[in-house]
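Pasting a structure here, questions to come.
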2 protein chains.
Amino acid sequence: MSVESVIIEMAKAARAAAVQIAKCPSQKKDEVLLAIADKLEAESQRIKAENQKDVERAKEMGLTSAMIDRLTVKDATIKSMADGLREVVQLEDPVGAVTKTWKRPNGLQVSKMRIPLGVIGMIYESRPNVTIDAAGLCFKAGNAVILRGGSEAIQSNQVLADIISAVLKEKGLPEKAVQLVPIRDREAVNILLAQEEYIDLIIPRGGEGLIRFVVEHSKIPVLKHYKGVCHIFVDESADFAMAETICLNAKVQRPGVCNAMETMLVHKSAAQQFLPRMAKRFFEAKVELRGCPETCRIVSEAKPAVEEDWSAEYLDLILAVRVVESMDEALAHIAKYSSNHTEAIVTSDYERASRFVREADSSVVLVNASTRFNDGGQLGLGAEIGISTSKLHAFGPMGLEELTTTKFVVLGNGQIRN
Amino acid sequence: MSVESVIIEMAKAARAAAVQIAKCPSQKKDEVLLAIADKLEAESQRIKAENQKDVERAKEMGLTSAMIDRLTVKDATIKSMADGLREVVQLEDPVGAVTKTWKRPNGLQVSKMRIPLGVIGMIYESRPNVTIDAAGLCFKAGNAVILRGGSEAIQSNQVLADIISAVLKEKGLPEKAVQLVPIRDREAVNILLAQEEYIDLIIPRGGEGLIRFVVEHSKIPVLKHYKGVCHIFVDESADFAMAETICLNAKVQRPGVCNAMETMLVHKSAAQQFLPRMAKRFFEAKVELRGCPETCRIVSEAKPAVEEDWSAEYLDLILAVRVVESMDEALAHIAKYSSNHTEAIVTSDYERASRFVREADSSVVLVNASTRFNDGGQLGLGAEIGISTSKLHAFGPMGLEELTTTKFVVLGNGQIRN
């Protein structure tokens, strides 16, 4: 069979499975998720053996040790995948929930009811645990899913998908509700992205290159997450001790993630007093500072920032620092360089807090808290399937609800239109 | 200037204007909408004069009288555009509304707040009133809009857009918040669809050809409405008098619109009794019936349906009719041929009503009411900008709320992540 017919067959099978999964009661879905969790643990030897094949191939191909590390599945990885599914069981099933209901003057009762999206295509890189996380969330929200993981993890992903399908079959549900694309060739992705007749949504997870490729080629709507160039604005009225704690946490607690701070903006009236003590803490934590001229004047150890620094997502212990004349300038800087991901202000001024909340145009806007809270779990949505930085359908962390949509249900007793 | 630079300049100006419009208080927006309504009426001579140029050109080009009719702006058209804006003033401003709020164990207060989408591109055909309707709704929801109407209406659309911009300027708001593409060439649409850096959403309104073209070429998310192949299933337990009234209304009250019924499915146990009396009413209303063999056996005047009839959107006094063995067969027929627009059941059976509501996978599902109620105004959303038949972001009629999204607002007092 050609790559094209393999993918089209998968897409058709997913569409058919989606109809069944959409009707599946919550209790049954939870039973399946728990069974998958148990089976992952029971089959840990088999999973590790398949994973070992990927790891050996990766070594032969000369992948970096960081990449091999991300690829490697250990007992703890399997335990964490299984526990992740058990957590999804605890989340409320959004399907069938009536989000709103009202009555029309003619007696029609109108409601909006949550329904699954249908078929979701997940395209991701390297880490095999995404296979389980994504499958668990899509399934609980009543969707079928087609998974296309990184080609370097294909054996590991295949055994994980096989375990899921085996449980689905055993429980009398369509095994094609969760499928993995078994083809390394990138052509498979192109063909997948053209199946708009069968697939409702594409979620890419990975580097900016992958996401741009998917957006460029997809005929199917894409929920995308480009990057996080997150700012904290330390206002002149900030409690400086609080600002220090928050900024340090936002930069160093886990610098390699999208919700870490990349640029710190400091009000000029605060700079002279705040910057030296803040810089000291950053240097103790081995953070390199790249500052505007005023920052470099106050903190002599800071390196001069160049234009590229203001839009950099370092994902590392590096921070761009700029002293701003006013709140207007801070907001203008954010509007110009932001990735619409996360922005925070530290202030004790009510009016400035309100204005920042209204005007900072990002998916999560915080007052007096670390940017690191832009995370589905931290915000109380449960597990997340990604963070959307585009506005349509979902903006910010996407949990189960964001994997559904709503339809209108209209109950009448003979109404017609005049 | 090249077409490309014209469009890019417009897109950049729209993005800058959007920032201002997003902050504009409701009261001010309503004041602007009322002023536009008044100015439309005050400048009716100028509007009609510009429209006359389009109409004459259309006649020279040999457009059909139906098309010229749709293109022609009369005093009543202007009155109705102005009144439409006055109705939008009455609708609640969705921007800034907090749709949900909750507290986290660490004391963080998390909310979801409605915000404008940003810049919307509207691509539509012929009727100039869409210029006013779309501009009014986008503006009230805090968005900037770029309008690209049919080339045959370009003079009419330009004078309408000029009137809006004049009012915006007069009220101290950016006049580029509403712009019309002043270029007839279709190249302009292609370039517009590539401005994903500046435009957040494209809404096409028109025939299937236009919509497919937009979906195919857009790098920007598209909210699309393909067509309405709407079904009514008359169950064996239906009140036949009610079913007759509903089916007649759904087919003949306005056959040329997307929420008119195109296929009627009748349970075999109801067919013998229901079909002859229903057919009589349809024939009286000059509806042509195209039936399955069983329908043709019962109603001898019905023409035999061919396969294409089951997926046809007639938009005319023609109806496909099929007798089904069971509710399963009715749902399977709908699943196969539906356009995910509108489906209705007429039944007095509680279990069947519930099952239909759960399983019919369309944007509006009705029990014992006409399909003609799939309409923003009729469902109580106020004016609508279109009906989405794809599931992402909005499914069904789109009112003001669907022209917004939500962001997360997080209020803390020093929280950091451990």
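The values are calculated or read from the model by the stated rules, or taken from the named source; none is laboratory data. As the structure is a computational prediction, the values presented were derived from the model and not from experiment. FYI the Cβ positions are ideal-geometry reconstructions off the backbone, even for glycines, and counts take in every protein chain you see.
Could you say whether any residue in the stretch B:59-68 is hydroxyl-bearing (S, T, Y), free of Cβ contacts under 8 Å to residues at least 60 places away in the same chain and within 15 Å of B:S156 (Cα to Cα)?
In the first step, residues of the stretch B:59-68 are kept if they are hydroxyl-bearing (S, T, Y); the result is B:64-65.
If we keep only those that are free of Cβ contacts under 8 Å to residues at least 60 places away in the same chain as well, we get B:64-65.
Then keep just the ones that are within 15 Å of B:S156 (Cα to Cα); that gives none.
The answer is no, given that none of the residues of the stretch B:59-68 is hydroxyl-bearing (S, T, Y), free of Cβ contacts under 8 Å to residues at least 60 places away in the same chain and within 15 Å of B:S156 (Cα to Cα).
Conditions (1) more than 8 Å from chain A (Cβ to nearest Cβ); (2) assigned to a strand (DSSP E or B); (3) on the phi < 0 side of the Ramachandran plot, marked per residue:
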{"site": "B:V365", "(1), (2), (3)": "no, yes, yes"}
{"site": "B:G377", "(1), (2), (3)": "yes, no, yes"}
{"site": "B:L392", "(1), (2), (3)": "no, no, yes"}
{"site": "B:T406", "(1), (2), (3)": "no, yes, yes"}
{"site": "B:V409", "(1), (2), (3)": "no, yes, yes"}
{"site": "B:G414", "(1), (2), (3)": "no, yes, no"}
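Return yes or no: is B:V299 touching a helix residue (DSSP H, G or I) at 6+ places or on another chain (Cβ under 7 Å), away from chain A (no Cβ under 14 Å) and crowded, with 21+ Cβ neighbours inside 10 Å? Give the derivation first.
Values: touching a helix residue (DSSP H, G or I) at 6+ places or on another chain (Cβ under 7 Å): yes; away from chain A (no Cβ under 14 Å): yes; crowded, with 21+ Cβ neighbours inside 10 Å: no.
Against the criterion (touching a helix residue (DSSP H, G or I) at 6+ places or on another chain (Cβ under 7 Å), away from chain A (no Cβ under 14 Å) and crowded, with 21+ Cβ neighbours inside 10 Å), B:V299 does not qualify.
For the structure I just gave you, tell me whether A:A135 is modelled with pLDDT of 95 or more and surrounded by fewer than 19 Cβ atoms within 10 Å (Cβ to Cβ).
Numbers: modelled with pLDDT of 95 or more: yes; surrounded by fewer than 19 Cβ atoms within 10 Å (Cβ to Cβ): no.
It is false that A:A135 is modelled with pLDDT of 95 or more and surrounded by fewer than 19 Cβ atoms within 10 Å (Cβ to Cβ).
Would you check if B:A279 is more than 14 Å from every other protein chain (Cβ to nearest Cβ), part of a helix (DSSP H, G or I) and crowded, with 18+ Cβ neighbours inside 10 Å?
On the way: more than 14 Å from every other protein chain (Cβ to nearest Cβ): yes; part of a helix (DSSP H, G or I): yes; crowded, with 18+ Cβ neighbours inside 10 Å: yes.
Yes: the conditions hold for B:A279.
Only one of B:T406, B:T389, B:T371 is at pLDDT 95 or above and under 30 Å from B:A22 (Cβ atoms); which?
Working: B:T389 fails: at pLDDT 95 or above; B:T371 fails: under 30 Å from B:A22 (Cβ atoms).
Testing whether each residue is at pLDDT 95 or above and under 30 Å from B:A22 (Cβ atoms) leaves just B:T406.
Every residue, every condition in (1) buried (at least 21 other Cβ atoms within 10 Å of the Cβ); (2) without any contact (Cβ under 8 Å) to a residue 40 or more places away in the chain, yes or no:
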| residue | (1), (2) |
| --- | --- |
| A:R355 | no, yes |
| A:D361 | yes, yes |
| A:L366 | yes, yes |
| A:A369 | yes, no |
| A:Q378 | yes, yes |
| A:S388 | yes, no |
| A:E401 | no, no |
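While we're on this one: Confirm whether A:I220 is crowded, with 22+ Cβ neighbours inside 10 Å, more than 30 Å from A:H267 (Cα to Cα), at pLDDT 95 or above and assigned by TED's automatic domain parsing to the domain that holds A:D75. Steps first, please.
Numbers: crowded, with 22+ Cβ neighbours inside 10 Å: yes; more than 30 Å from A:H267 (Cα to Cα): yes; at pLDDT 95 or above: no; assigned by TED's automatic domain parsing to the domain that holds A:D75: yes.
No.
Further question: Does B:R322 count as buried (at least 21 other Cβ atoms within 10 Å of the Cβ), within 24 Å of the chain's Cα centre (by Cα) and at pLDDT 95 or above?
On the way: buried (at least 21 other Cβ atoms within 10 Å of the Cβ): yes; within 24 Å of the chain's Cα centre (by Cα): no; at pLDDT 95 or above: yes.
Criteria not met by B:R322.
Going residue by residue through the stretch A:106-120, is there one that turns out to be within 14 Å of another protein chain (Cβ to nearest Cβ) and either under 24 Å from A:R186 (Cβ atoms) or free of Cβ contacts under 8 Å to residues at least 40 places away in the same chain (or both)? Talk me through it step by step, then tell me what you get.
Of the residues in the stretch A:106-120, the ones within 14 Å of another protein chain (Cβ to nearest Cβ) are A:106-120.
Retained after the next criterion (residues that are either under 24 Å from A:R186 (Cβ atoms) or free of Cβ contacts under 8 Å to residues at least 40 places away in the same chain (or both)): A:119-120.
Yes; the residues of the stretch A:106-120 include at least one that is within 14 Å of another protein chain (Cβ to nearest Cβ) and either under 24 Å from A:R186 (Cβ atoms) or free of Cβ contacts under 8 Å to residues at least 40 places away in the same chain (or both).
Can you report the number of residues in the stretch A:169-228 which are assigned to a loop (DSSP other than H, G, I, E, B), of a type in the set (D, E, K, R), more than 13 Å from chain B (Cβ to nearest Cβ) and more than 14 Å from A:R148 (Cα to Cα)? Don't jump to the end; show me each part of the working.
Let us first name the residues in the stretch A:169-228 that are assigned to a loop (DSSP other than H, G, I, E, B), namely A:171-174, A:181-186, A:193-200, A:206-207, A:218-221, A:223-228.
Applying the additional criterion that residues be of a type in the set (D, E, K, R) yields A:171, A:184-186, A:196-197, A:200, A:219, A:224, A:227.
From the residues that got through so far, the ones that are more than 13 Å from chain B (Cβ to nearest Cβ) too are A:171, A:184-186, A:227.
Imposing the further condition that a residue be more than 14 Å from A:R148 (Cα to Cα) reduces the set to A:171, A:227.
Final tally of qualifying residues: 2.
Let's see how each residue does on (1) among the polar types (S, T, N, Q); (2) surrounded by fewer than 20 Cβ atoms within 10 Å (Cβ to Cβ); (3) not in a loop (DSSP other than H, G, I, E, B):
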position: B:I21; (1), (2), (3): no, no, yes
position: B:Q27; (1), (2), (3): yes, yes, yes
position: B:E31; (1), (2), (3): no, yes, yes
position: B:I78; (1), (2), (3): no, no, yes
position: B:L85; (1), (2), (3): no, no, yes
position: B:V95; (1), (2), (3): no, no, no
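Further, regarding this structure: Please find, among B:V145, B:V189, B:V130, the residue that is in contact with a helix residue (DSSP H, G or I) (Cβ under 7 Å, 6 or more places away or on another chain), β-branched (V, I, T) and in the same structural domain as B:E87 (by TED's automatic domain parsing). Steps first, answer last, please.
Numbers: B:V189 fails: in contact with a helix residue (DSSP H, G or I) (Cβ under 7 Å, 6 or more places away or on another chain); B:V130 fails: in contact with a helix residue (DSSP H, G or I) (Cβ under 7 Å, 6 or more places away or on another chain).
Sole residue among the options that is in contact with a helix residue (DSSP H, G or I) (Cβ under 7 Å, 6 or more places away or on another chain), β-branched (V, I, T) and in the same structural domain as B:E87 (by TED's automatic domain parsing): B:V145.
Taking B:S26 as the residue in question, decide whether it is within 27 Å of the chain's Cα centre (by Cα), closer than 20 Å to B:A134 by Cα and of a type in the set (G, A, S).
It is true that B:S26 is within 27 Å of the chain's Cα centre (by Cα), closer than 20 Å to B:A134 by Cα and of a type in the set (G, A, S).
Would you pick out the residues in the stretch B:329-342 that are buried (at least 18 other Cβ atoms within 10 Å of the Cβ) and facing chain A (nearest Cβ under 10 Å)?
Answer for the stretch B:329-342, where residues must be buried (at least 18 other Cβ atoms within 10 Å of the Cβ) and facing chain A (nearest Cβ under 10 Å): B:L331, B:N340, B:T342.
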